[in-house]
Amino acid sequence: MLTVETFDTLVQAASAMTPQSRYLGGGTLVMRGVNYGDQSFQRIVRVKDRSLREIRSEGGRIVIGAGATMANVMAASETAFLANVARQVGGPAVRNMATVGGNLFAEHPYGDFTTALLALDATVRLSDGSEQPIESFLSSRSSMRGLVASVSVPRPMGDEFRFRKVSRVKPKGVSVMSIAVWLPRQGGRISQARIAFGAMGATPLRAKSAEQALDGVNLDAQGIERALSVATTGLNPTDDSLASAWYRNEVAPVHLRRVLLGEESR
Ligand SMILES: Cc1cc2nc3c(=O)[nH]c(=O)nc-3n(C[C@H](O)[C@H](O)[C@H](O)COP(=O)(O)OP(=O)(O)OC[C@H]3O[C@@H](n4cnc5c(N)ncnc54)[C@H](O)[C@@H]3O)c2cc1C
């Protein structure tokens with residue numbers, strides 16, 4: 001039998017979690033599990049606290065509550081630079097429910113929003129108040145204790161942040177891959193770029209060799225050439241019904257090139 005328990009605060013919910021419990025964000029994945037008869041949990045834990053949906057500026061960073069939906073992200077002026085990412089998660093019904101917190105746990109090939117958070121070097125805040133860089137959070141999320149309260153990101157300047165989702169069906173298709181880049185510049189040259197790929201591994205992953213190859217170069221066809229040649233180093237795509245690992249590796253540099261040169265929609 002499945003039970004549902006509602007708590008006033010995230011902290012209370014976190015202390016009530018057991019291995020047989022599933023926290024309910026927007027429920028787009030949890031309820032699919034329920035409908036498909038997933039027997040790995042018998043208890044759903046949810047929280048009433050509306051402040052989990054808040055999006056605000058704080059000390060030069062943007063804090064996004066774990067319960068903020070993709071529709072909330074699209075509507076908030078603070079997250080205007082992420083609206084294009086949120087808009088590409090599912091269709092309107094999904095975006096009205098799908099939360100930022102849930103996206104952090106969404107399994108391959110999902111996790112488009114998380115890919116953007118990884119490129120932006122987000123910090124993940126947990127229910128006990130501790131904070132973790134998103135990269136280490138992603139590598140240990142399956143064994144995480146507690147719940148996610150919020151994420152925070154810096155506000156990128158101008159066109160520094162770019163995102164591209166590659167899917168077979170427009171506009172609602174699932175990702176063959178997604179690519180997010182953050183391209184800070186100093187004196188016109190790229191400095192400390194971050195590149196994240198979604199659906200190119202079990203979790204969104206950084207393309208660190210390509211990031212290093214961009215350091216100090218101009219953002220033009222010649223400058224990015226070396227980065228493209230190592231675009232897939234460190235990525236680990238799998239075969240699935242959308243694309244083979246081989247195909248993903250072949251097309252990744254093509255799409256990265258388009259993102260870097262701003263050839264198509266950001
Ligand atoms: C038709 C359809 C289309 C979709 N398209 C896309 C897409 O294009 N791109 C994409 O990235 N995803 C897509 N998804 C997947 C999903 O909707 C999103 O990833 C969404 O952001 C998940 O959030 P949620 O709040 O619905 O998660 P839930 O279903 O509520 O939860 C998912 C998992 O995250 C855990 N969780 C949720 N919140 C927290 C928290 N605060 N702390 C700790 N654990 C938490 C839950 O316990 C659960 O294990 C799609 C899903 C459907 C059904």
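Of note:
- Hits in the range 178-199 (condition: out of contact with any Lys or Arg (no Cβ under 6 Å at 6 or more places or on another chain) and not small (Gly, Ala, Ser)): LEU183, PRO184, ARG185, GLN186, ARG189, ILE190, GLN192, ARG194, ILE195, PHE197
- Within the range 1-40, the set of residues being over 17 Å from GLY101 (Cβ atoms) and touching a residue at least 24 places away in the same chain (Cβ under 8 Å) comprises MET1, LEU2, THR3, VAL4, GLU5, ASP8, THR18, VAL34.
Here is a yes/no grid of residues against (1) in the same structural domain as ALA68 (by TED's automatic domain parsing); (2) of a type in the set (A, V, I, L, M, F, W, C); (3) more than 15 Å from the chain's Cα centre (by Cα); (4) within 28 Å of ALA243 (Cα to Cα):
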site: LEU138; (1), (2), (3), (4): yes, yes, no, yes
site: LEU147; (1), (2), (3), (4): yes, yes, yes, no
site: VAL169; (1), (2), (3), (4): no, yes, yes, yes
site: GLY173; (1), (2), (3), (4): no, no, yes, yes
site: MET177; (1), (2), (3), (4): no, yes, no, yes
site: PRO184; (1), (2), (3), (4): no, no, yes, no
site: GLY187; (1), (2), (3), (4): no, no, yes, no
site: SER191; (1), (2), (3), (4): no, no, yes, no
site: ALA196; (1), (2), (3), (4): no, yes, no, yes
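- Verdict on GLY65 being surrounded by 17 or more Cβ atoms within 10 Å (Cβ to Cβ), assigned by TED's automatic domain parsing to the domain that holds LEU120 and in contact with a helix residue (DSSP H, G or I) (Cβ under 8 Å, 6 or more places away or on another chain): yes
- Helices (runs of 4 or more DSSP H) enclosed by the range 60-99 - at least 2 residues per element that are under 22 Å from MET157 (Cα atoms) and among the aliphatic types (A, V, I, L, M): 70-75, 83-86
- For the range 133-144, filtered to residues that are touching a residue at least 24 places away in the same chain (Cβ under 8 Å) and within 12 Å of the ligand (Cβ to nearest atom), the residue that is surrounded by the most Cβ atoms within 10 Å (Cβ to Cβ) is PHE137.
- Between ALA76, ALA71, ALA80, the distinction of being surrounded by fewer than 21 Cβ atoms within 10 Å (Cβ to Cβ), among the aliphatic types (A, V, I, L, M), under 23 Å from ARG164 (Cβ atoms) and within 14 Å of the ligand (Cβ to nearest atom) belongs to ALA71 only.
- Test for ILE55: is it closer than 22 Å to VAL89 by Cα, more than 14 Å from the ligand (Cβ to nearest atom) and within 20 Å of the chain's Cα centre (by Cα): yes
- Qualifying residue in the range 106-122 (condition: of a type in the set (Val, Ile, Thr) and out of contact with any Phe, Trp or Tyr (no Cβ under 9 Å at 6 or more places or on another chain)): no
- Answer from GLY146, GLY158 - the residue that is in contact with a strand residue (DSSP E or B) (Cβ under 8 Å, 6 or more places away or on another chain) and at positive phi: GLY146
- Any hit, the range 41-58, residues being buried (at least 20 other Cβ atoms within 10 Å of the Cβ), touching a residue at least 40 places away in the same chain (Cβ under 8 Å) and within 24 Å of GLU160 (Cα to Cα): no
- Reported count of residues in the range 108-132, each being within 24 Å of VAL259 (Cβ to Cβ) and near the ligand (Cβ under 9 Å from one of its atoms), is 7.
The values are calculated or read from the model by the stated rules, or taken from the named source; none is laboratory data. For clarity, every value in this text was computed on a predicted model and none was experimentally measured. All Cβ positions, glycine included, derive from the backbone under ideal geometry; neighbour counts span all protein chains shown.
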